[in-house]
1. Given chain B, report the % of alpha carbon pairs whose separation exceeds 34 Å.
2. Quick one: of A:Lys13/B:Lys135; B:Lys155/B:Lys179; A:Lys127/B:Lys389, which pairs are farther than 31 Å apart, Cα to Cα?
3. Once the whole set of protein chains is in place, how much accessible area is left on A:Ser90, using a 1.4 Å probe, in Å² to the nearest 10?
4. How much net charge surrounds A:Thr75 when only other residues with a Cβ under 12 Å from its Cβ are counted (Lys, Arg +1; Asp, Glu -1)?
5. Using all alpha carbons of segment B:354-435, what is the percent of pairwise distances in each 5 Å bin, ordered from the shortest bin to the longest?
6. Tell me the total accessible area that B and A bury against each other, 1.4 angstrom probe, in square angstrom rounded to 100.
7. How do A:Ser119, A:Ser28 rank by accessible surface area computed with a 1.4 Å probe, from largest to smallest?
8. Rounded, prolate or oblate for segment B:87-131? Axes are the square roots of the Cα gyration tensor eigenvalues, ordered a ≥ b ≥ c, and the cut-off for rounded is a/c under 1.5.
Amino acid sequence: MQRPNIRTVDLSKTTLRELNQELHTLNSSTDGAWEILNARGFHAVAVGVDAPVSIDVRGSVGYYCAGMNKQAAVTVHGSAGPGIAENMMSGSVRITGDASQYAGATGRGGLLVIEGNASSRCGVSMKGIDIVVRGNIGHMSAFMAQSGNLVVLGDAGDALGDSIYEARLFVRGSVKSLGADCIEKEMREEHHTALAALLERAGITDVKTSEFKRYGSARKLYNFNIDNADAY
Amino acid sequence: MTYHNPPVTPRKSATFDDYTLSEIRRAAQTGIYDIRGAGAKRRVPHFDDLLFLGASISRYPLEGYRERCSTSVTLGTRFAKKPIELKIPITIAGMSFGALSAHAKDALGRGASLAGTSTTTGDGGMTPEERGQSKTLVYQYLPSRYGMNPDDLRKADAIEVVVGQGAKPGGGGMLLGQKISDRVAEMRNLPKGIDQRSACRHPDWTGPDDLEIKIHELREITDWEKPIYVKVGATRPYYDTALAVKAGADVVVLDGMQGGTAATQEVFIENVGLPTLAAIRPAVQALQDLGMHRKVQLIVSGGIRNGADVAKALALGADAVAIGVAALVAIGDNDPALEAEYAKLGTTAGAYDDWHEGRDPAGITTQDVALMQRLDPVKAGRRLANYLKVMTLELQTVARACGHNDIHNLEPEDLCALTIEAAAMARVPLAGTNWIPGVTQGGL
Ligand SMILES: Cc1cc2nc3c(=O)[nH]c(=O)nc-3n(C[C@H](O)[C@H](O)[C@H](O)COP(=O)(O)O)c2cc1C
């Protein structure tokens with residue numbers, strides 16, 4: 001099925017450098033669709049894009065795919081290596097397979113959807129990004145998470161939300177353990193509403209918000225106090 | 001019968017000196033370790049322990065005011081499409097907006113631009129004032145990633161991946177709640193008034209192999225235009241330099257243990273890391289072993305105070321230096337004119353180091369608007385430019401006296417050491433001998 005205006009780049013013929021260079025010539029008034037073939041685990045595929053284009057990557061990618069993305073809607077038809085969508089500003093990134101460590105690290109905005117599982121440190125230091133994971137997430141996820149939302153339909157590993165600030169975590173399955181200063185919090189009406197909106201944006205329709213628990217900061221470590229030293 | 005001690009002068013312990021005793025009492029009273037700014041205050045072998053030999057019959061000097069002695073340096077010649085050209089080899093080190101006031105950052109940018117050199121952002125991101133005032137601005141890429149975004153990355157002239165700092169190699173950062181103004185909170189995406197921790201490790205890479213991939217990503221985002229520096233605290237300089245080169249750095253920044261900080265535990269500042277003097281030769285050795293000396297440039301920092309220090313760092317193999325504390329002093333930090341105010345803070349001019357508290361009477365390490373207004377960025381920038389000019393003249397004076405028409409021709413053979421320790425660390429002979437401990441056998 002060939003859509004009009006689709007620009008196809010085959011990474012077995014074009015260099016990564018040429019691809020990224022061309023993507024950087026696009027600007028906010030460019031739209032259109034890109035298809036990238038033979039991703040073959042390349043690192044830094046479609047990084048630093050700042051245009052409202054859609055980019056379909058065929059095959060699995062290495063580290064930092066869609067790093068610092070602005071505006072673009074990137075879909076990886078495969079799995080992603082470490083640091084997918086790191087420091088994303090806006091737009092969206094979707095992985096149809098699994099994601100390795102640090103997915104969405106330090107992301108500032110936009111939506112990251114992982115249809116498989118995510119490894120450790122998912123959402124580390126997140127600063128406003130929304131992350132939705134259909135499967136499970138690994139240990140130390142949402143470490144020092146500052147803001148944004150992390151939604152997990154499966155289970156979370158050890159030390160979820162260690163040293164968390166103001167990010168909101170919603171987990172449907174079990175949580176192996178909570179990290180320092182992270183506690184379970186009440187799901188109030190506003191949280192059901194926010195979660196429903198996140199699920200809708202992620203295109204997930206087969207779960208109910210009532211199946212989730214919410215976690216966040218106890219805010220006990222916000223100002224250093226010697227009597228809390230054992231918690232660190 | 002009672003025995004009377006004959007009167008003697010009361011004797012204090014060298015081990016338990018007054019400072020040590022006061023620190024034990026402070027710890028016992030508060031239950032918190034001491035956090036402070038600035039660098040190590042203990043004496044460690046340093047550039048003062050080296051001397052230049054000067055010219056003689058076998059080497060002739062250059063005429064002071066007439067014969068050229070060039071000072072320019074180009075950084076980032078390895079991979080970057082747009083290397084940085086500086087008129088002088090003295091740069092301004094990364095110091096964060098947050099730790100420093102907006103006026104102080106403004107002043108540093110002005111001073112550096114007047115002198116033809118670069119300045120550097122810090123933990124906390126890039127401010128428009130700083131970008132505006134700095135002709136050449138290096139953008140730090142830190143573990144916290146506070147304020148990090150691709151637009152500022154592209155506005156920068158170079159990118160510095162910070163692995164560590166000399167004052168606290170292996171340590172993260174802490175900006176205490178009292179310094180978190182609305183603007184600082186907004187830039188860092190955290191609530192106002194809470195202590196802001198900066199992680200000690202990068203969130204999305206660990207180890208040299210990942211670093212290589214991270215540097216590649218940054219180059220791809222910025223289309224291979226900008227030099228990429230890697231900054232390390234001095235701990236294992238031979239290996240860190242070699243690994244940074246392997247990971248694809250254009251420039252290695254090596255910060256010795258005396259290097260300043262905005263806020264770190266005293267125990268860290270005084271007890272972790274290698275002195276600057278001991279770190280330079282192993283780093284240069286690594287570059288030479290890889291055939292990369294002068295191809296990957298080396299910037300050295302940590303306790304650089306004057307043109308002689310710069311000359312000595314360059315003679316040992318550095319391409320440029322960076323200054324932190326000295327630049328702050330040049331724009332007015334710890335000025336004795338403010339003695340009355342330092343006294344009120346329980347300290348004295350020259351010893352004030354509670355930069356994390358945000359009450360700096362000089363308006364430099366504060367976010368308090370009234371205090372910050374005391375610092376005139378234009379005048380302070382002028383002072384910094386003057387100071388940089390003096391250092392450069394001093395550097396040229398020494399280089400000419402050693403017979404060099406380019407400051408980068410200074411070499412270890414121009415130096416001797418005053419102490420055995422300095423001779424061993426700098427790998428130059430003890431004065432009056434040809435003995436380099438660990439290298440030569442000694443004798444005359
Ligand atoms: C107030 C202050 C803030 C600093 N902030 C940072 C920072 O944000 N990032 C960084 O890599 N180093 C930071 N440093 C360290 C300097 O970049 C530099 O390594 C050090 O000051 C050099 O030593 P010197 O002060 O003896 O010249 C800071 C230093 C000072 C004094």
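1. Details: 31680 of 98346 pairs.
Tail of P(r) above 34 Å: 32 percent of Cα pairs.
2. Those over the limit are A:Lys13/B:Lys135; A:Lys127/B:Lys389.
3. 40 Å²
4. On the way: positive: A:Arg58, A:Arg94; negative: A:Glu35, A:Asp56, A:Glu115.
Value of the local net charge: -1.
5. Whole-percent P(r) values from 0 Å outward: 3, 13, 12, 10, 12, 10, 8, 12, 12, 6, 1, 0.
6. Values: alone 20160 and 10470 Å², together 27380 Å².
Protein heavy atoms only, the B-A interface buries about 3200 Å².
7. So the residues, ranked largest to smallest area, are A:Ser28, A:Ser119.
8. It is prolate, given that a/c is not under 1.5 and a/b is the larger ratio.
The values are calculated or read from the model by the stated rules, or taken from the named source; none is laboratory data. None of the values given here were measured: they were computed from a predicted structure. Heads up, the Cβs are rebuilt from the backbone with ideal geometry, glycines too, and the neighbour counts pull from every protein chain shown. Areas reflect the complete protein model, heavy atoms only, side chains present, ligands, DNA and RNA absent. Shrake-Rupley method; radii C 1.70, N 1.55, O 1.52, S 1.80 Å.
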